[in-house]
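What follows is a single structure, written as structure tokens, with notes after it.
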Amino acid sequence: MQTTYDHVPVMCEEILDLLAPAVDCDDAILVDGTLGLGGHTQAFLTRFPSLRVVGIDRDPQAIALTRQRLAAFQDRLEIHQATYDMVGEVLGERRAQGILLDLGLSSLQIDSVDRGFAYSVDAPLSMRMDGDDTLLTAADVVNTYSVEEMVHIFRVYGDEKFAVRIAKAIVAEREREPFSTSARLVAVIAGAIPAGQSRSGHPAKRVFQAIRTEVNSERTSLEEALPAALDRLAVGGRMAVLSYHSGEDRLVKTIFASAGADHVPPGLAVVPDAYQAKFRLVTRGAHQPTPAERLSNPRSGSAKLRVIERVKDDA
């Protein structure tokens, strides 16, 4: 098993600084809901010697590697194989002083050719994050979904403006032969994009992102994870979310904005305590990586960071 990866956690120092007021105390718990290869967790455990981290990840290979990488912190690190929407079950009766969700793919997933996440190399069309053979695969999506179903996921999960053209091209090509590996799918996607249309990054990036999201039910998990995580924050606790896609960021922004607003019945001039916001926005708008970080770590390029703090407990 490979034990080293070129793993650079995104916006690490800024996240540490923004969560420090919440986690730099005795007996604090940080939940890293997307543990991956443990880059953020390692930085937190190193900087805050009293901190305990509860790591959650659905990928057994990543968990095995991270246990090895962070063996020196094993007395302060608790790891669970689960999805981040299960944060309540993982914590039980405990409250967290910090929660981090990094919604991007880990270096392990991107660089493992046989997982099928990368569009730059030919690989089997899997894209499963946890290796569960009973789950949907990318091949299932492109070989069985209707044009309308693919258009929906390409638009909603990938912001792909040529979703109709690409979906029709995929359906036409699969009639000739079903898709099994990524190179042929990439060629079909690239061929469906009108000539002369400029776009940043690889032409298949948005579609692969959308398929991955569908295969792993990421949008549903995130919709459930955000309120569940907010519910498990202690008063004074802070939650940070790193997203890499405008649809994800919109969802985070909407849920955070609602949590940070007073909920006042019509006609009340004064906001009763029970209706006052239980959270406040720490970041106004989404923070983004510095130009220097984008240059040194290209995978950070589209990242957006939002942080919220619990200021009141439930009534």
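The values are calculated or read from the model by the stated rules, or taken from the named source; none is laboratory data. In this text, all values refer to a predicted model and were calculated from it rather than measured experimentally. Note that we place each Cβ from the backbone using ideal geometry, even for glycine, and neighbour counts take in every protein chain shown. Calculation scope for accessible area: heavy atoms of the full protein, side chains included, ligands and nucleic acids excluded. Shrake-Rupley method; radii C 1.70, N 1.55, O 1.52, S 1.80 Å.
For the range 157-315, just the Cα atoms, rotate onto the principal axes and tell me the three extents in Å, largest first.
65, 38, 28
Which residues' amide hydrogens lie under 5 Å from the amide hydrogen of T34, considering only partners 5 or more residues apart or on another chain, with H built in the peptide plane?
I56, D102
Count the DSSP beta bridges whose two residues both fall in the chain, then state the antiparallel fraction as a percent rounded to the nearest 5.
Values: 11 of 29 bridges.
Of all bridge pairs located within the chain, approximately 40 percent are antiparallel.
List, largest first, the extents of the alpha carbons of the range 1-82 along their principal axes, each in whole Å.
That works out to 37, 24, 22 Å along the principal axes.
In deg cm²/dmol and to the nearest 500, what is the mean residue ellipticity at 222 nm of the chain if only DSSP H runs of at least 4 residues count, each as -39500 (n - 2.57), divided by the residue total? It would help to have the intermediate numbers written out before the result.
Values: 13 runs with 130 residues, N = 315.
Helix-only estimate at 222 nm: -12000 deg cm²/dmol.
Extending each Cα 7 Å along its Cβ direction at S246 and E177, get the distance between those two points in nm, one decimal.
3.6
If R0 is 22 Å, what FRET efficiency do you get for Q288 and T220 from their C-beta distance, rounded to 0.05?
0.25
Which value results for Rg/Rh of the chain when Rg is the Cα radius of gyration and Rh the Kirkwood radius based on the inverse mean 1/r? All intermediate terms of the calculation are to be shown ahead of the outcome.
On the way: Rg = 20.7 Å, Rh = 20.7 Å.
Rounded to two decimals, Rg over Rh is 1.00.
Probe radius 1.4 Å, ligands and nucleic acids left out: which of Y84, Y119 has the largest accessible area, and how do the rest follow? Working shown, then result.
Numbers: Y84 40, Y119 70 Å².
Of Y84, Y119, the descending order of accessible area is Y119, Y84.
How do C12, C25 rank by accessible surface area computed with a 1.4 Å probe, from largest to smallest? Numbers along the way, then the final one.
Values: C12 20, C25 60 Å².
Sorted by accessible area, descending: C25, C12.
Compute the normalised compactness of the range 204-257: alpha-carbon radius of gyration over 2.2 N^0.38 Å, N being the residue count. Show your work: numbers first, answer last.
Numbers: Rg = 12.8 Å, N = 54, 2.2 N^0.38 = 10.0 Å.
Taking N as the residue count of the range 204-257, the ratio is 1.27.
Between R47 and D24, 0.36 nm times their residue separation minus their Cα-Cα distance comes to what?
Values: separation 23, 0.36 × 23 = 8.28 nm, distance 0.89 nm.
Here the segment from R47 to D24 would lengthen by 7.4 nm.
For the range 48-87, what's the relative contact order in percent, using C-alpha pairs closer than 8 Å and at least 6 residues apart?
Values: 37 pairs, mean separation 23.2, N = 40.
Relative CO of the range 48-87 lands at 58 percent.
Putting +1 on Lys and Arg Cβ atoms and -1 on Asp and Glu Cβ atoms, find which of A269, G201, L19 reaches farthest to the positive end of the dipole of the chain.
G201
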